[in-house]
1. Which of the residues that make up segment 63-88 are over 19 Å from the mean Cα position of the chain (by Cα) and farther than 22 Å from GLY319 by Cα?
2. Which is surrounded by 15 or more Cβ atoms within 10 Å (Cβ to Cβ), under 18 Å from the mean Cα position of the chain (by Cα) and either in contact (Cβ under 8 Å) with a residue 12 or more places away in the chain or farther than 20 Å from ALA134 by Cβ (or both), of HIS237, HIS184?
3. Can you spot a residue in segment 2-12 that is surrounded by fewer than 22 Cβ atoms within 10 Å (Cβ to Cβ) and touching a residue at least 60 places away in the same chain (Cβ under 8 Å)?
4. Which one of these does GLN244 not meet: (1) under 20 Å from the mean Cα position of the chain (by Cα); (2) assigned to a helix (DSSP H, G or I)?
5. Only one of ALA17, ALA50 is part of a strand (DSSP E or B), within 15 Å of ILE93 (Cβ to Cβ) and aliphatic (A, V, I, L, M); which?
6. How about segment 129-139: which of its residues are surrounded by 20 or more Cβ atoms within 10 Å (Cβ to Cβ) and either away from ligand 2 (no atom under 11 Å from the Cβ) or within 17 Å of GLY181 (Cα to Cα) (or both)?
Amino acid sequence: MKDQYILGIETSCDETAASIVKNGQEIISNVVASQIESHKRFGGVVPEIASRHHVEQITIVIEEALKQAGMTPQDLDAVAVTEGPGLVGALLIGINAAKAFAFANGLPLVGVHHIAGHIYANALVQKMEFPLLALVVSGGHTELVLMKDDGLFELIGETRDDAAGEAYDKVARVLNLPYPGGPHIDKLANESDEALQFPRAWLEEGSYDFSFSGLKSAVINYQHNAEQRGEKVNPNHLAAGFQQSVVEVLTTKTIRAAREFKVKQVIAAGGVAANKGLRTSLEEAFTKENISFYVPPIKLCTDNAAMIAAAGNSKFSAGHRGNMSMNGRPGLEL
Ligand code: KG4
Ligand code: ZN
């Protein structure tokens, strides 16, 4: 079969990214322009600033992806772009760039769901086998997705309030750590020899849903109450206690779902999958369960366009095509 080259474009949040992927598996080029520095002083992503950066960067990033690959638009088979969910103004920059590029070069267009992208990041490092269970944990999502086959997504659990990454970022803020806080909390927790005890939200029996706002409030209140009493909390102990609670709930529910649905493979995806404590806990648990478990390297866990090209390759091969009426869909369902 002829090789298939897809240009992926991602602008749903605060990374402007373009990548070329061969046959949904092999990264030919992968360019990411991060805006973290611009959002840091606000402690989170400011949508208007994100859109402006995307406008400035998108053409440069696409040209760079082609240049690094040593390719021209004529070498491509399709353009895949994140259609949603995400910040609408940010999504629109990527979508309009993708439409213009596809139209100018006579290429087909494929719309990709951002979470499908995070899941297919795994296809870039190993062969995905079905039925597969994906734990997607990022700044905006905490989801358990069952895939009975390629391209078939079933949402079996999700957060009812904060996403895991959001809880990480908010806890980091009370500890005066820079944005995004996840990696800093992870580091503090790993260096700690002790952990404070915080609650775990299991929800109703059998539920695969998550809730992190109670935990987040418990940690923040603990810190504020200590400050009011003039006491100093050991940040390592606080970070370790918070992380233990998050990791235990994520690991326990993922194992229960993997058993119930008798999956062949479990994968983790999204920015929080970069977390060392979570990776270790899942690896140990699934080794015991004798179920294969994979997590992509860190740079493919956080937002990138190679994952969008990989997911786009699967949709394109299945015959899906977008058109010039494609729009940014902030609440797009999987
Ligand atoms: O997937 P991602 O890059 O963007 C979204 O689609 O949201 O995820 C970003 C999130 C942030 O909340 C960040 O704090 C978190 O992932 N994160 C981590 C770690 N690295 C990034 N959270 C915990 N531990 C980490 N090592
Ligand atoms: Zn993401």
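We did not get these values from a lab; they are worked out from the coordinates using the rules stated. Please read all numbers here as calculations on a predicted model, not as lab measurements. In this analysis, Cβ positions are derived from the backbone assuming ideal geometry, glycine residues included, and neighbour counts consider all displayed protein chains.
1. Initially, segment 63-88 is screened for residues over 19 Å from the mean Cα position of the chain (by Cα), giving 63-79.
Listed by number, the residues that qualify are GLU63, GLU64, ALA65, LEU66, LYS67, GLN68, ALA69, GLY70, MET71, THR72.
2. Values: HIS237 fails: under 18 Å from the mean Cα position of the chain (by Cα).
Criteria check complete, one pass: HIS184.
3. So in segment 2-12, the residues surrounded by fewer than 22 Cβ atoms within 10 Å (Cβ to Cβ) come out as 2-5.
Add one more test, that the residue is touching a residue at least 60 places away in the same chain (Cβ under 8 Å), and what stays is 4-5.
Yes - at least one qualifying residue is present in segment 2-12.
4. The single condition GLN244 does not satisfy is (1).
5. Details: ALA50 fails: part of a strand (DSSP E or B).
Selected residue: ALA17, the only one of ALA17, ALA50 that is part of a strand (DSSP E or B), within 15 Å of ILE93 (Cβ to Cβ) and aliphatic (A, V, I, L, M).
6. Hits for segment 129-139 are LEU132, LEU133, ALA134, LEU135, VAL137, SER138, GLY139.
Residues are listed down the side, and each one gets a yes or a no for (1) assigned to a loop (DSSP other than H, G, I, E, B); (2) under 15 Å from TYR294 (Cα atoms); (3) more than 16 Å from ligand 1 (Cβ to nearest atom); (4) among the hydroxyl-bearing types (Ser, Thr, Tyr):
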position	(1), (2), (3), (4)
TYR120	no, yes, no, yes
ALA123	no, yes, yes, no
MET128	yes, yes, yes, no
ALA134	no, yes, no, no
GLY139	yes, no, no, no
GLU143	no, no, no, no
ASP150	yes, no, yes, no
ILE156	no, no, yes, no
